[in-house]
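Every read-out reported here was derived from the displayed coordinates using simple, explicitly stated rules and does not represent laboratory data. Here the structure is a predicted model, which means the values were calculated and not measured. When we count neighbours, we look across all protein chains shown, and the Cβ atoms used for this are built from the backbone with ideal geometry, even at glycine.
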Amino acid sequence: PLAPRYINLGSADFLLNRVDPVWVRGMGGVLVIAGALMMRSGVRSLGRSLTPGTEPLAEAELVTTGAYASRRHPIYAGAVLLLAGYTLVWSNWTLALIVGGMALLFFEAKARREEQWLLARFPDYERYRLRVPRTLF
C-alpha cells in the first residue's frame, strides 16, 4: 500500500497515489480489527485441525461449529477484510478495493481447492456444504 507514494503513475496518479483523510483511513482500522477477530474465531474453532495448506491433516476432524456454523471459510473472509483494511489505513479506498478484490479472488480459488479435499476426506461435508454458504462475503 505504500508503493504508490514513491512511484509516478502518470494519469492514474491521483486515483491511486493519494492518502485519504483520517476518518476514511480510520474505517480501515475497523476492517482490520473485524478481519483479525474473524480469523481468530476461525482458528479457535478449527483447533488442532488447523493447517496452512488446503489438504486436511490426516488426523483432522470436520469442524461445522463455532465460526464454521455460519460461514465455510471464516479465516479466508477475515484475511480479505484484514488486507483491504490494512491498505485503507495506509493509503486510500481505491487501492483498498483493488487489494481486497485480489485477495477475494485468491481465497475463493483456495477455498474451491480445499473443498475438493474436504469432499474426498469427509462424507458429511456435502450436507454441510448445502447448508452453509461458501461465499466469503
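Axis angle, to the nearest 10 degrees, between helix 74-90 and the longest C-alpha principal axis of the chain: 10 degrees.
If R₀ is 25 angstrom, what is the calculated FRET efficiency for the pair S70 and A120, using the beta carbon separation as r and rounding to 0.05?
On the way: r = 24 Å, r/R0 = 0.97.
That gives a FRET efficiency of 0.55.
Overall shape of the chain was characterised from the C-alpha gyration tensor. The equivalent ellipsoid obtained from it has semi-axes of 34, 15, 11 Å, in decreasing order. Each Cα pair under 8 Å and six or more residues apart adds its separation to the average, and for the chain the resulting relative contact order is 32 percent. The label-point distance for Y128 and L50, in a model that sets each label 7 Å from Cα toward Cβ, rounds to 1.7 nm. Helix 93-121 and the longest principal axis of the Cα set of the chain meet at an angle near 10°. From its DSSP helices (H runs of at least four residues, each -39,500 (n - 2.57)), the chain gives a residue-normalised ellipticity at 222 nm of -20000 deg cm²/dmol.
Computed extension length for V30-E108: 25.8 nm, one decimal, from 0.36 nm per residue of separation with the Cα-Cα distance subtracted. Among R72, R127, R44, determine the one that fluctuates most according to a GNM of the chain built with springs between C-alpha atoms less than 10 Å apart. Its mean-square fluctuation being the largest, the pick is R127. Packing here is the average count of other Cβ atoms within 10 Å per residue, and on that basis the peptides 20-26, 37-43, 117-123, highest first, run 37-43, 117-123, 20-26.
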